[in-house]
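What follows is one structure encoded as C-alpha cells, with my remarks underneath.
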Amino acid sequence: MTARSYWCERAWLGGETAADGVMVEIEGDRIAAVERGVAAPPEAIRLDGITIPGFANAHSHAFQRALRGRTQSGRGNFWVWREAMYELASRLDPDLYLALARATYGEMALAGTTCVGEFHYLHHGPDGTPYADPNAMGRSLIQAAREAGVRLTLLDACYLHGGIGEELAGAQRRFGDAGAEAWAERAAELASGDRTRIGAAIHSVRAVDPASAATVAAWAGERGAPLHAHVSEQPAENEASRRAYGGTPTAVLADAGALSERFTAVHGTHLAQPDFRTLGGAGATCCLCPTTERDLADGIAEAARLRSAGVELALGSDSHAVIDPFEDARAVELDERLATGERGHTAAAELLRAATENGDACLGWPEAGRIAPGAVADLVTVGLDSPRLAGTDPANAADAVVFVATAADVHDVIVGGEPVVRDGEHLKLDVAAELDAAVEAVWR
Ligand SMILES: [Zn+2]
C-alpha cells in the first residue's frame with residue numbers, strides 16, 4: 001500500500017475558516033490522519049495555497065462539451081439549443097466518444113473535479129440499433145474516466161419517449177431501449193469497479209412514463225444505487241406533466257416510488273411549492289447547474305428555499321458551456337442575489353459542501369468529499385498566488401476560494417491518493433490538444 005504525507009499550507013476542513021499547517025497522511029486511497037497547526041516537515045510533499053476536498057461534478061453529459069462556443073450566441077431557448085445537441089448526438093460512435101469524454105474529464109480534473117456523475121443516455125447506434133455490446137458507449141465513458149484519472153458514477157439513463165405520449169424520433173432513437181425492462185437488463189450488465197460505480201437515471205417525465213419510472217426506481221432500490229432525474233428545468237415540462245398526469249414532475253416521480261435519500265432532482269428550476277416539501281421529506285438532493293441554466297435561459301433555482309426545506313444541494317456543469325466548479329458554486333448565491341435583491345442566502349462553507357461532499361454522496365460515494373480520517377483521499381490545492389487571489393486574507397481563504405478563484409487557480413489534484421494534476425498540468429493527458437482533436441473529429 002502506498003503511503004504519502006502531504007503538508008498543506010492551509011486546508012478547509014469543513015468549518016467557516018481554513019486551518020493553517022495541515023498534515024494529511026494518506027494510505028492507499030484513503031486519508032489515514034489529519035493534523036493541524038504543524039510546521040512543514042522536510043519529508044512531506046508541500047501543497048502551497050489552500051487545499052480543499054475534490055469537487056464532485058454531479059451532473060455531466062460529456063458529449064455536450066463539443067457544443068461549447070458553437071451554440072452560445074443567437075436567439076432561441078432551451079428547445080432551439082436541443083436541436084444542435086441532437087445533431088451532435090447523431091455523430092458519435094464509441095471510439096469518438098471515448099476520445100471526447102476522456103478529454104472532457106481531463107478538463108474537469110484540471111479544474112479540481114475528482115468525481116463525475118455522468119448522466120448517460122447516448123446508448124445505441126444512430127438508428128437505435130444496439131451495438132454488438134449494447135453498453136459500448138457506457139464502457140467508453142468508464143474507460144475515459146479511468147484514463148483521465150477521475151472517479152465516475154455512470155448514471156445509466158432510461159429514455160423511452162420523445163415527449164409525453166410520443167415515439168422517439170431522429171437522433172432520439174439512439175437514446176431509447178425497447179422498454180423499461182430492456183433498459184433494466186442492459187444496465188444490469190454494467191459492473192462497478194475500483195473507481196466506478198453504477199447508478200440509474202430517469203431522463204425526465206417527458207421521456208419516461210410513470211410505469212417505466214417505477215421500474216427504474218425499483219432497479220435502483222434493489223441495488224441501493226443512486227437515482228437521478230431531470231426535474232422541472234423548463235415551465236413547459238411542468239405544464240405537459242400536469243396536463244398528462246395531473247401533477248408536477250416531482251409529484252409524478254414521488255408516485256412512481258422514485259424519491260428517497262438516494263434520489264437527486266437535477267435542476268429543480270421551476271419547482272411548485274409542494275415540491276419543496278416532497279423533496280425535503282424524502283431526504284433528496286437537488287443538483288443545480290447554474291452555468292448551463294444561465295446559458296440555456298432556464299431560470300434561477302431557489303437554493304435557499306430548497307435548503308430550508310431540507311433538500312441538500314449538489315452542483316454539476318451539465319452541458320459544459322463552462323467547466324469551472326468555483327463559478328458554479330458562487331453562481332448559486334450570486335444568481336439568487338440578482339433574483340431577490342438580497343445578499344447572504346447560502347454561505348461559502350455551504351457552497352463548498354454542495355460542490356464536494358454533497359455531490360459525492362448523491363453519486364453513491366458517501367465516504368468521499370471531506371478532509372478527514374477514513375475519507376477517500378481526494379484533495380485539490382488552489383494557489384493563492386495569482387493576481388486574482390493576491391492579497392487574500394488567510395482567515396477568509398474559504399470565502400476567497402468560492403467567490404474569487406477560477407479553475408485556472410487549481411495547482412494540484414489528488415484522486416484516491418494518486419496525483420493526477422501537478423502544478424496545473426495533467427500528469428497523463430495533454431488535455432487541450434486532446435479536446436481540440438476530439439471536437440474537430442466530431443464536427444469533421
Ligand atoms: Zn442534463
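Report the residue count in region 1-12 for those that are touching a residue at least 60 places away in the same chain (Cβ under 8 Å) and in a loop (DSSP other than H, G, I, E, B). Outline the logic, then answer.
So the first thing to find is which residues in region 1-12 are touching a residue at least 60 places away in the same chain (Cβ under 8 Å), and the list is 2, 4, 6, 8, 10-12.
Cutting the leftovers down to in a loop (DSSP other than H, G, I, E, B) gives us 2, 12.
Residues in region 1-12 being touching a residue at least 60 places away in the same chain (Cβ under 8 Å) and in a loop (DSSP other than H, G, I, E, B): 2 in total.
The requirement of being under 24 Å from the mean Cα position of the chain (by Cα) and free of Cβ contacts under 8 Å to residues at least 60 places away in the same chain is fulfilled somewhere in region 379-399, by at least one residue. Of the residues in region 15-22, at least one is touching a residue at least 40 places away in the same chain (Cβ under 8 Å), surrounded by 12 or more Cβ atoms within 10 Å (Cβ to Cβ) and in contact with a Phe, Trp or Tyr (Cβ under 9 Å, 6 or more places away or on another chain).
Scanning region 100-118 for residues that are in contact with a Gly (Cβ under 8 Å, 6 or more places away or on another chain) and within 15 Å of the ligand (Cβ to nearest atom) turns up just one, Gly117. Within region 54-67, the set of residues being more than 16 Å from the ligand (Cβ to nearest atom) and either charged (D, E, K, R) or part of a strand (DSSP E or B) (or both) comprises Phe55 only.
Kindly establish whether Leu352 is closer than 20 Å to Ala101 by Cβ, aliphatic (A, V, I, L, M), in contact with a Gly (Cβ under 9 Å, 6 or more places away or on another chain) and in contact (Cβ under 8 Å) with a residue 40 or more places away in the chain.
Taking the combined requirement at face value, the residue does not satisfy it.
For Thr71, the criteria (1) at pLDDT below 95; (2) within 16 Å of the ligand (Cβ to nearest atom); (3) in a helix (DSSP H, G or I); (4) not charged (D, E, K, R) hold in every case but one, which is (3). Taken together, the residues in region 400-424 that are in contact (Cβ under 8 Å) with a residue 12 or more places away in the chain and either over 26 Å from Arg337 (Cβ atoms) or part of a loop (DSSP other than H, G, I, E, B) (or both) amount to 15.
Just to be sure, is Thr196 buried (at least 22 other Cβ atoms within 10 Å of the Cβ), more than 16 Å from the ligand (Cβ to nearest atom) and either of a type in the set (S, T, N, Q) or farther than 29 Å from Ile142 by Cα (or both)? Walk me through it before giving the result.
Working: buried (at least 22 other Cβ atoms within 10 Å of the Cβ): no; more than 16 Å from the ligand (Cβ to nearest atom): yes; either of a type in the set (S, T, N, Q) or farther than 29 Å from Ile142 by Cα (or both): yes.
Answer is no for this residue.
Just so you know, in region 219-272 the residues that are of a type in the set (Asp, Glu) and more than 19 Å from the chain's Cα centre (by Cα) include one that is farthest from the ligand (Cβ to nearest atom), and it is Glu222.
Please determine, by comparing only the residues of region 309-330 that are among the small types (Gly, Ala, Ser) and more than 16 Å from the ligand (Cβ to nearest atom), which one is nearest to Ala405 (Cα to Cα). Only one residue tops the list, namely Ala329.
The values are calculated or read from the model by the stated rules, or taken from the named source; none is laboratory data. Model, not experiment: these values are computed from the prediction. Note that each Cβ is placed from the backbone with ideal geometry, even for glycine, and that neighbours are counted across all protein chains shown.
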